[in-house]
Each structure stands twice: as structure tokens, then as C-alpha cells.
Amino acid sequence: MTDNRIRKVLIVGGGTAGWMAAAALARVLKNQYCDIQLIESDAIGTVGVGEATIPQIQLFNQMLGLDENEFIRKTQGTFKLGIQFVNWGHIGEKYLHAFGGVGKDMEGISFYHYWLKMHQAGEASDIDQYTLNCLAAEQGRFMRPVDAGNSPLSDIAYAFHFDATRYAMFLRDYAMERGVRRREGKIVDVQLNSDDGFIESVTLEDGDTVDADLFIDCSGFKGLLIERALKTGYEDWSHWLPCDRAVAVPCTKVAEPTPYTRSTAHRAGWQWRIPLQHRTGNGHVYCSQYISDDEATDVLLNNLDGEPLAEPKLLRFTTGKRKRFWNKNCVALGLASGFMEPLESTSIHLVQSGIAKLMSLFPNRYFDREDIDEYNRQVNFEYDRIRDFLIAHYNITQRDDSEFWNYCRTMAIPETLQQKIDQYQKNGRIFRFNEELFNDLSWLEVMHGQGLRPRAYHPLVDTLPKEEIAHRLENIRQVIHRSVEYMPSHADFIARHCPAEPL
């Protein structure tokens, strides 16, 4: 039988995406199945001044077998229970999109339907009072889940903030210890096979040529392989997500880090705040049609917690995705595959998800069309559904204080998003379609947090007497509050388990 296995994988580009791919391949393939090489140039900078994640990253870390405390220490990391949104529905309002559960389901029906009935009647507190992660985040508390039986403390969902550059270096060490070869250099040319158009090799600035069977493009926005060489094409979503620039800067840490990311809406975009152990990462994502670069930079610098630690860095982008994520023998990951602004911290998840799907459909040298099509179908679905969730933040708003918000509030939206909104407005129903990334609780917290209210609730809620519902809600609220009181402060937890070494 002919051995048609992939014998060499070449990763083009380092940074977070490149070294995540290298680390995962090194772990799964063990560098005995095939040779793994990564080319990166020290002359090419990376994007990011702090990175926020969602809980799925724990699966990636577990797959690699990482020690979580070491990972936090090496990346100056902190913990994250959710994202606080400020000024999104109305100026002066805020809410938390918290990870994890809300209340406790009853009689086979999601808790929030019972809460909706009582809240509509004015007889229930707001949703955060029944959500452990919300209360813990607001009080600056954190702990990992423990074996506490039926307690909410047994199931605490969390993610991380970390220094993206340090994370890439951490994974680089991991990958190289397991046999991945790193090559410093800048690619100046790509050679394609004249018969089938597959990539055969790349040429470096020093004249060396590097060939491979499978190429992974982690070259950033420019898409050196997937776009410049293979002319794959790009689907532009700027009519739905009009922000096209960001200015980023780190600043000094002036207080203990909060266990949540903050997103503050401004007149033509929004500002992120990512607290690390040694500093705070900040950026202003905006639409250049409604605000100039200088004005956007001033907005950012005037809303920092501490003193800036570097010159502001300007990034230009077009929100959207490649028309194919896997084209011939090239798979694009990270910014090379598309761009979704970091509003819900999905950037690293999309890299992780792309890697996982590649592993499940890992090719031989035939590169079967059916596998490539299935990969593209799955990644397209994930991008499209995350896109809808991001659009909802802009569209479900009552803000009318600027041209930007007037456009976002009144723009036409995808049918898939409109259906989600319409169904919620009727009876408070939210369905997670085909394992889309964000579940019904995430949609609830964003839609309710930004002022969208259903006209009714699930009719089967009425099978329980109102008094019984009220009693159960109060019990759940008290359990949540007692659980949060048990949790240590976020700063104390880090100091006890994973403090980074002083710089």
C-alpha cells in the first residue's frame, strides 16, 4: 500500500495563531508522523497589546497538557468571568455578559423563562442577581470550581486575559521542545504547481527555498499564501460591522485587575480594557467614516486608567472572512482567515476551532475535495453565527446621539439574526442552532442588557403557581449570593496561586 501521509507541514507566520498551530501539531503528531517547520520574521510586528479569551481556551490548554498556574505566571495573565458592556443600549447603562449558568432550570424549562415572567410582573430582581459570574465579577471575586456537590461553586466558567506576545513565546518554547523547527526569515515569493495550482514552496529573502505538503497561513491580514498566492477572495462585512480601524496602547496598572474585560461604547465605536498583572491593555475600535484617526486616538488616551506605556498603534482592517479557509493545500488561521473585531473575544477561539477542525479532517497528500469542503462548511457556519452575535450588539440599541449609532440601529441585518430577535420578542425563546458558539444564555444577557424586551414568556412556565416560582427564585438568589461571599478576591487568588514574576 502506498504511503500517502503528509510528510511536511510548513506554518507561515508566528504570533498567537502560528504558535498555537505549531504547539497543537507538535502535541498531536508528536513530530514523528511528519516534519513541522515554522517561518517567521522578527522584522514583522504582531497585533495586540493584551488578549482576552472565552472559556473554550481551557480545552486547548488541556489538550496541550499545560499547567494552568504556570501558563498564567508566564503570560502575566488574569482570570475572566465575562465582559462588561458600558453605554451600549443607552449612555450611562451597563451590563455583564457572564460566562456560565444563569439560575437553575426547573421542570425541564430554562430558568430565564421563569425569571422573565416574574420580571415582567415587576416581582424579580434583574438577571445578574441570579448569575454567580455576574455578582462575582462586580465584587472582584474569583476562584476555580471546586467539588461542592449541587453548589454553583462546582461549576464556575472562566477564561483568561494575557499578554499575547508572551503567550506566543510560551507556546513557541512548548512547540520547539517537541521538535518544531523555527526558521527566521521573510518570504518574498511563493511557487505554485503549474498543473493543479497547489503551493509547492516558498522563497525567503536570503534566496533559500522551503517546500512542504501542507501549508498553514498565519501571516496576518495580508494572507500571504491564501490570498496573495492563491487569490482566494474575501467576503466584506463592513456594511454590517462598519468599524474599520483600531488604535491600541498599553497603560500602567493603577488598581487590582478586575476579573472581566470591559467594552465601553463611544460615539463612533468602542474601547476595550484588558487587565493583566503588570499592565492594562487598551484599544479603541472605530469607524473612520465618522471619526478621524487623531480624534479616535484622543478618545482612547483620554479614557485610560493610567499613563500610556507606548506610542498608540494604528490598525486598519475590513471585517469579514475568506471565501475559502482551506484552499488546495493551504489552510488559513488567525487574521489570514478573516477578521472579527474583538468585541466578544473570539479571535483566539477561531484559531483554536480552526486547528481542531483541521485535526479532525487532517488530510493525506490526495487532499480529498470532500474533506476540504466539509472544513470550509463548518468554519463558514461558525464565522457567520459569531458575526450575527456581534451585529446584535450594534443593532439592538436605543442610542441616537451620533450618525454612527443611527446607522447601526437602523441598518438591515442578516435574516438569521432577524429571526433570532423576532423569536425572542414574541415569547422570550432563544434557540441554539447546530451548536453555534454562543448559547441561549449569552444571547439573553446581550439582548436583555441592551434593552430588548419580549412581549411574553414561555407558556409552560404557567404550570407552576406564581407563588412557587417566586419562592424558588428567592432561594436561588440567596444561594448565589452566599456562594459569591465564599469566593476570595481575584487579586488574592492570583497572589496565592499564580503571581507572575516581577518585571
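The values are calculated or read from the model by the stated rules, or taken from the named source; none is laboratory data. Predicted, not measured: the structure shown is a model, and the values here were computed from it. No Cβ is skipped: glycine too gets one built from the backbone with ideal geometry, and neighbour counts run over all protein chains shown.
None of Arg399, Arg369, Arg316, Arg324 is among the basic types (Lys, Arg) and within 30 Å of Gln425 (Cα to Cα) except Arg399.
Looking for something farther than 19 Å from Phe438 by Cβ, of a type outside the set (Asp, Glu), in contact with a Lys or Arg (Cβ under 8 Å, 6 or more places away or on another chain) and in a helix (DSSP H, G or I) - is there at least one such residue anywhere in region 70-78? Give the derivation first.
To start, the set of residues in region 70-78 that are farther than 19 Å from Phe438 by Cβ comprises 70-78.
Filter again for of a type outside the set (Asp, Glu), leaving 71-78.
With the extra rule that they be in contact with a Lys or Arg (Cβ under 8 Å, 6 or more places away or on another chain), the set shrinks to 74-76.
Adding the requirement that they be in a helix (DSSP H, G or I) leaves 74.
For region 70-78, residues farther than 19 Å from Phe438 by Cβ, of a type outside the set (Asp, Glu), in contact with a Lys or Arg (Cβ under 8 Å, 6 or more places away or on another chain) and in a helix (DSSP H, G or I): present.
The rows are residues; the columns are (1) hydrophobic (A, V, I, L, M, F, W, C); (2) modelled with pLDDT of 95 or more; (3) touching a helix residue (DSSP H, G or I) at 6+ places or on another chain (Cβ under 8 Å).
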| residue | (1), (2), (3) |
| --- | --- |
| Thr131 | no, yes, yes |
| Glu138 | no, yes, yes |
| Ile156 | yes, yes, yes |
| Phe162 | yes, yes, yes |
| Leu171 | yes, yes, yes |
| Tyr174 | no, yes, yes |
| Asn193 | no, yes, no |
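The number of residues in region 247-278 being among the charged types (D, E, K, R) and crowded, with 23+ Cβ neighbours inside 10 Å comes to 1. If you check Phe60, Phe85 for being crowded, with 23+ Cβ neighbours inside 10 Å, of a type in the set (A, V, I, L, M, F, W, C) and modelled with pLDDT of 95 or more, only one passes: Phe85.
The residue list Arg377, Arg429, Arg409 contains one member that is surrounded by fewer than 21 Cβ atoms within 10 Å (Cβ to Cβ), touching a Ser or Thr at 6+ places or on another chain (Cβ under 8 Å) and among the basic types (Lys, Arg), which is Arg409. Being modelled with pLDDT of 95 or more, assigned to a helix (DSSP H, G or I), of a type in the set (Val, Ile, Thr) and closer than 30 Å to Thr346 by Cα is a property that Val479 lacks. Yes or no: Glu40 at pLDDT below 95, under 27 Å from Gln277 (Cβ atoms) and crowded, with 24+ Cβ neighbours inside 10 Å? Judged against the criteria, Glu40 is not a match. Among residues of region 310-332 that are in contact (Cβ under 8 Å) with a residue 24 or more places away in the chain and aromatic (Phe, Trp, Tyr), those with a beta-carbon under 7 Å from a residue that is part of a loop (DSSP other than H, G, I, E, B) and surrounded by fewer than 24 Cβ atoms within 10 Å (Cβ to Cβ) at least six positions away or on a different chain give the pairs Phe317/Asp244.
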